[in-house]
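To start, the structure under review is shown below, and the notes come after it.
The values are calculated or read from the model by the stated rules, or taken from the named source; none is laboratory data. Given the structure is predicted, the values throughout are model-derived calculations rather than measurements. Here Cβ is always computed from backbone atoms with ideal geometry, including for glycine, and neighbour counts include all displayed protein chains.
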Amino acid sequence: MSTVEQGQSAVPARSPGRPNRNPAARRRRQVRALTYLAAVLLSLFVLVPIYLVTVTAFTPQEVSYDFPKPLVPGTVSAETVRFFAGSTGVLPALWRSVVVAALTLVLSTLLGAPAGYALARYAFRGKSAYGLLILSTRAFPIVILSIPLAVTFITWGIYDTTYSVALMHTALALPFTVLITSSIFVSVPRELEEAARTLGCTPLGAFVKVVLPLALPGLAAAAIFTFVLSWNEVFAAVILTLRQRTLPALVLAALNTSPLPFRFAAAWFMLAPSLVVIFIIRRYLLGLWGRVAR
């Protein structure tokens, strides 16, 4: 018998009905299953409170006190939402929150995007330390910044205005905006920008026509973060305002004395604008992940 035939006869024949047990493939399936399970649990952790708040906000006020609450409401009514919207100062505070968030988004983008572009494109001494220094500003408690700023704004005559709150929120969001946009511009190939400049574009034209369209998905993600940070921030708004308060500051001031329907409707009012903003710019986020929104 030849050596090849001996080697072939030494290998045991695999039974046709016996599955091929591959430990690596089984491990990959287990990891994929655990990943899907974690994604489902995380989605439920986020979506279940949103669903319960929405259901309770759109049911009659007396249903808010029922326990346990049904998952599917038997009666749908805007009574609770109208009750909250008709409360004193709610609609003006809601509008001020929108204005403050929009101003914060614009200022953070206008100031943070050029700084992020400079960090991404130019090499200079202490670049890494500078990025760490920008991030370290968020290590300070907000109260350390709010009290001196309150005194400064009183001196400037802009205390208790939407502009003072917007400036404070810009200071809070700017470090993250700079670092996020910096990582976005790093991912845009420098060769594309250089090719545009060799074809006659100015540096500004190459940025607007080449770099900016490719960076829009990441800038949209930074805009979401900035808007949500400004919309949900309450401590600085409480310190810097007395009469011209934003919605979170107004809700916090009235939380202890307000009835339960007021609290659920307030939670929905504070939640809905963030969801609307995410829905509007989801196209850019899906583009960032390599998908096209329909």
Inside region 163-193, can you point out the residues that are within 22 Å of the chain's Cα centre (by Cα) and of a type in the set (S, T, N, Q)? Thr170, Thr177, Thr181, Ser182, Ser183, Ser187
Residue check, Tyr117 assigned to a loop (DSSP other than H, G, I, E, B), touching a helix residue (DSSP H, G or I) at 6+ places or on another chain (Cβ under 6 Å) and farther than 27 Å from Ala265 by Cα: no
Restricted to region 104-154 and to residues being without any contact (Cβ under 8 Å) to a residue 40 or more places away in the chain and among the small types (Gly, Ala, Ser), the residue surrounded by the most Cβ atoms within 10 Å (Cβ to Cβ) is Ala118
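Go through region 158-188 and report how many residues are more than 30 Å from Lys209 (Cβ to Cβ) and either touching a residue at least 40 places away in the same chain (Cβ under 8 Å) or touching a strand residue (DSSP E or B) at 6+ places or on another chain (Cβ under 9 Å) (or both).
Going residue by residue through region 158-188, those that are more than 30 Å from Lys209 (Cβ to Cβ) are 158-169, 171-172.
Those left that are additionally either touching a residue at least 40 places away in the same chain (Cβ under 8 Å) or touching a strand residue (DSSP E or B) at 6+ places or on another chain (Cβ under 9 Å) (or both): 159-169, 172.
Summing the residues that are more than 30 Å from Lys209 (Cβ to Cβ) and either touching a residue at least 40 places away in the same chain (Cβ under 8 Å) or touching a strand residue (DSSP E or B) at 6+ places or on another chain (Cβ under 9 Å) (or both) in region 158-188 gives 12.
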Is it the case that region 73-92 has a residue that's closer than 28 Å to Ala223 by Cβ, surrounded by 14 or more Cβ atoms within 10 Å (Cβ to Cβ) and touching a Ser or Thr at 6+ places or on another chain (Cβ under 8 Å)? no
Got at least one residue in region 137-153 being in a loop (DSSP other than H, G, I, E, B), at pLDDT 85 or above, out of contact with any Ser or Thr (no Cβ under 8 Å at 6 or more places or on another chain) and of a type outside the set (A, V, I, L, M, F, W, C)? no
Exactly one of these conditions fails for Val186: (1) in contact with a Lys or Arg (Cβ under 6 Å, 6 or more places away or on another chain); (2) under 14 Å from Leu119 (Cα atoms); (3) β-branched (Val, Ile, Thr). Give me its number. (1)
When you go through Ala206, Ala196, Ala221, Ala266 one by one, which is the residue that is at pLDDT 80 or above and within 25 Å of the chain's Cα centre (by Cα)? Ala266
Where the second residue is at pLDDT below 80 and basic (Lys, Arg) and the first is surrounded by 15 or more Cβ atoms within 10 Å (Cβ to Cβ) and lies in region 51-69, which pairs have Cβ atoms under 7 Å and are six or more apart or on separate chains? Thr56/Lys69
Taking region 159-180, which residues are in contact with a Gly (Cβ under 7 Å, 6 or more places away or on another chain) and modelled with pLDDT of 85 or more? Leu174, Thr177, Val178
Got a sec? Which of Phe83, Phe67, Phe45 is assigned to a helix (DSSP H, G or I), within 30 Å of Ala266 (Cβ to Cβ), at pLDDT below 85 and of a type in the set (Phe, Trp, Tyr)? Phe83
